[in-house]
Every structure is written in structure tokens, then in C-alpha cells.
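Presented below is the structure to which this report refers.
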Amino acid sequence: MNARRRLVAVVVLAAAAGGGIWWLTHRLHPSMGADTLLLYGNVDIREIQPAFNDSDVINRMLVSEGAVVKKGDLIATIDDRRYAARLAQAKQQADSLKATLDRLANGSRPEEIAQAKATMEGLLATYENNKTLYDRTLGLLPKGAASTEDRDNAEAQLNASRENYEAAKQTYILAVKGPRAEDIAAARAAYEAAAAAASLAEREYADTKLYAPEDGIVEDRILEPGDMASPSTPVYTIALTDPLWVRAYVAEPDLGRLGLGMPAAVTTDSFPGRSYRGWVGYIAPTAEFTPKTVETTELRTRLVYQVRVYVCNSGNQLRLGMPATIAVDLSPPAAGQPAAPGCGADNGGRS
């Protein structure tokens with residue numbers, strides 16, 4: 001009997017020891033489960049602070065704290081009168097230079113060429129008439145029918161008419177050829193510079209309006225109407241909500257059990273009984289703290305790596321900074337399971 005009692009006592013003690021070891025392993029270290037890895041973290045806080053690209057007085061602030069904004073929503077404006085006037089001036093200058101360029105590129109009008117030709121032909125007739133008169137005077141001079149003065153006057157008229165004809169001839173040739181290529185190139189360069197200035201003025205005018213750069217929730221109105229805006233002064237603080245992830249840390253012994261795309265369930269204390277579908281989207285390539293050159297086995301196990309678990313939040317229940325528990329499913333994927341994780345048609349956050 002004593003031997004039997006001792007055997008029973010040994011079995012009971014062994015069972016109790018085994019149960020204690022199991023409890024310590026799974027209660028104090030729940031991450032050591034075969035198919036599930038538990039991690040603890042917080043919904044990551046990501047913020048942006050949009051600012052104007054121009055400087056002037058803010059005249060409108062269109063959203064307040066707590067407002068949900070979408071990318072492209074108008075959220076603030078500054079006084080745009082100076083920028084509108086500058087834009088109008090730049091456009092008029094560009095239009096004027098464009099007209100000059102078009103006039104040069106189109107060349108002389110047919111009417112201008114015809115006018116230059118008629119002037120040239122008229123002066124040619126005058127020149128030929130004066131030449132005939134001069135020749136006649138030279139013929140009369142030996143007979144005494146014309147004086148030396150008549151000859152000199154006829155010669156002067158002949159020379160003047162020749163010069164006038166040559167000038168008109170050159171004018172006609174230039175009218176036919178049109179403007180020089182160099183003049184057209186200079187006019188085109190001047191117009192392009194003015195067009196660029198007008199484009200810049202238009203961009204500056206557009207920058208008098210501030211749009212939400214991403215989807216999010218307005219956390220803070222840093223400036224108010226009447227404040228002076230500048231590119232270095234943020235106007236709002238906007239919390240980004242898409243994509244949403246929980247930032248956690250995994251111990252070095254568990255690092256090898258994780259893989260990108262593994263499904264996960266996220267739960268919070270704020271909504272007991274509800275879980276949110278997620279997946280492992282990022283695993284840090286390096287430890288959070290740089291290890292020493294020589295590490296003991298005990299120290300190596302204290303290294304942690306950052307993990308981001310992307311989570312579906314279609315019910316808009318998760319808040320930035322909220323503590324969360326992550327249960328990563330380590331089991332092999334079932335046949336037909338999508339390779340690329342994503343929210344798709346989320347269930348609104350209900351388990």
C-alpha cells in the first residue's frame with residue numbers, strides 16, 4: 001500500500017508540475033502557441049500638416065477639428081487679389097507678344113506686296129522718263145537748243161529717280177521675302193518667356209487655395225482667419241486614417257515564425273467581443289536597438305523587431321493611439337485563400 005501511495009503521489013506531482021509548466025508557458029507567454037502568435041501594440045498615429053505655397057492673409061478656414069476630409073477637399077483660402085492682378089497682367093503680356101509672333105510668322109500680306117510692287121513700278125516709270133529727258137537734253141546741247149544748266153538739271157533728276165527706284169525695289173523684295181528668321185526666333189523666345197511667366201502666375205493664383213492632401217481627420221486648426229500664411233507655417237494638423245495599421249514589436253525568438261501577408265485578428269478593450277481583420281504588412285529588417293558586437297544567448301532573446309499589422313476599419317471604430325491585441329494566424333493558408341491580403345468587403349468590425 002505504501003508503495004502504491006508513493007506511486008500515486010509521484011504521478012500527481014508530475015501532473016501538477018506539467019500543468020504548472022503549461023500555465024507558465026501559455027499564460028505568461030501566450031505568444032508561444034503553435035498556431036497563434038499574440039502581439040500587443042497601438043494603432044499607429046500618422047499626421048500631416050499642410051501649408052500654403054503662397055504668403056498672404058488667410059480669409060477663410062473651411063473645416064474645424066474633428067471634420068473628416070477627403071483628398072482634394074478645399075479646406076482654406078488666402079486673399080487672392082494680388083495674385084489675380086498679377087495673373088491678368090501676365091496673360092495680357094503673353095497675348096501681345098503672341099500677336100507680334102503671329103504677324104512675323106505669317107509674313108507680308110498680299111496687299112502689302114502689291115502696294116510695294118506698284119510703288120516700285122511707278123518709280124521705274126519716272127526713272128525711265130527722266131533718262132529719256134536727259135538723253136534728249138544731251139542731244140540738244142551741241143545744237144545750242146539746251147544750256148549746260150538744262151543738262152545738269154536733267155542729270156540730277158535722273159540720279160534722284162534712279163535712287164528712288166532702287167529703294168522701292170528693295171522694299172518690294174523684302175515684302176516678298178517676309179521677316180527674317182532671326183526676328184521670328186526672337187519674337188518666339190519673347191512669347192515663350194511671357195507664356196511661362198503667365199503659367200507661373202496662374203500656379204501662384206491656384207496656390208491661394210489649400211486642399212486636403214490625403215484622407216484624414218482634422219486634429220487641430222493651427223491658424224485662423226486673419227493670420228498670415230506662409231509656406232513654412234502649417235495651417236492644420238490632419239491625422240491619416242487610410243491605410244490604418246497597428247504597430248507592435250515581436251521578440252527575436254518569434255521573428256522566424258512571422259511572414260508578410262499572414263492573416264491576423266485585432267481586438268481592443270474599447271469594443272469587447274469585436275475583432276477586426278488584418279494582415280502582417282511590414283516586418284522591420286533590423287532590431288529596434290543595435291546589438292553589441294558580442295551577444296550572449298540571453299541578451300539576444302531580448303531584441304525586438306517592429307511589426308505593422310494592417311487592419312480593416314470600415315466601421316470607423318479604431319482610433320489613432322488605441323491599444324490593441326493582435327492574434328497572428330501562423331497556420332498554413334488554406335487552399336484557395338487569396339495570396340494578396342486586403343480589406344475588400346469588410347464586415348464592419350464585427351467578429
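Pick from segment 205-217 the residues that are outside any loop (DSSP other than H, G, I, E, B), in contact with a strand residue (DSSP E or B) (Cβ under 7 Å, 6 or more places away or on another chain) and at pLDDT 95 or above: which of them is surrounded by the most Cβ atoms within 10 Å (Cβ to Cβ)? By that ranking, first place goes to 210.
Count of segment 163-184 residues, restricted to those that are outside any helix (DSSP H, G or I) and at pLDDT 80 or above, is 2.
Would you be able to say whether some residue in segment 21-35 is at pLDDT below 95, touching a Ser or Thr at 6+ places or on another chain (Cβ under 8 Å) and either exposed (fewer than 12 other Cβ atoms within 10 Å of the Cβ) or hydrophobic (A, V, I, L, M, F, W, C) (or both)? Yes, segment 21-35 contains at least one residue that is at pLDDT below 95, touching a Ser or Thr at 6+ places or on another chain (Cβ under 8 Å) and either exposed (fewer than 12 other Cβ atoms within 10 Å of the Cβ) or hydrophobic (A, V, I, L, M, F, W, C) (or both). The test for being over 36 Å from the mean Cα position of the chain (by Cα) and surrounded by 15 or more Cβ atoms within 10 Å (Cβ to Cβ) holds for residue 254. Considering every residue within segment 257-265, establish whether at least one is in contact (Cβ under 8 Å) with a residue 24 or more places away in the chain and either within 30 Å of residue 59 (Cα to Cα) or acidic (Asp, Glu) (or both). Taking every residue of segment 257-265 in turn, none turns out to be in contact (Cβ under 8 Å) with a residue 24 or more places away in the chain and either within 30 Å of residue 59 (Cα to Cα) or acidic (Asp, Glu) (or both).
A single member of 321, 349, 261 is modelled with pLDDT under 90, crowded, with 18+ Cβ neighbours inside 10 Å, on the phi > 0 side of the Ramachandran plot and among the small types (Gly, Ala, Ser), and it is 349. Take the conditions (1) part of a loop (DSSP other than H, G, I, E, B); (2) surrounded by fewer than 17 Cβ atoms within 10 Å (Cβ to Cβ); (3) of a type in the set (D, E, K, R); residue 60 misses just one of them, which is (1).
For every residue, the table says whether it meets (1) among the hydroxyl-bearing types (Ser, Thr, Tyr); (2) under 22 Å from residue 204 (Cα atoms); (3) assigned by TED's automatic domain parsing to the domain that holds residue 175.
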{"position": "54", "(1), (2), (3)": "no, yes, no"}
{"position": "65", "(1), (2), (3)": "no, no, no"}
{"position": "99", "(1), (2), (3)": "no, no, yes"}
{"position": "103", "(1), (2), (3)": "no, no, yes"}
{"position": "123", "(1), (2), (3)": "no, no, yes"}
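Across segment 226-251, the qualifying residues are those that are hydroxyl-bearing (Ser, Thr, Tyr) and assigned to a loop (DSSP other than H, G, I, E, B), and the one among them that is surrounded by the fewest Cβ atoms within 10 Å (Cβ to Cβ) is 232.
The values are calculated or read from the model by the stated rules, or taken from the named source; none is laboratory data. Given the structure is predicted, the values throughout are model-derived calculations rather than measurements. Every residue, glycine among them, receives a Cβ derived from its backbone with ideal geometry; neighbour counts consider all protein chains shown.
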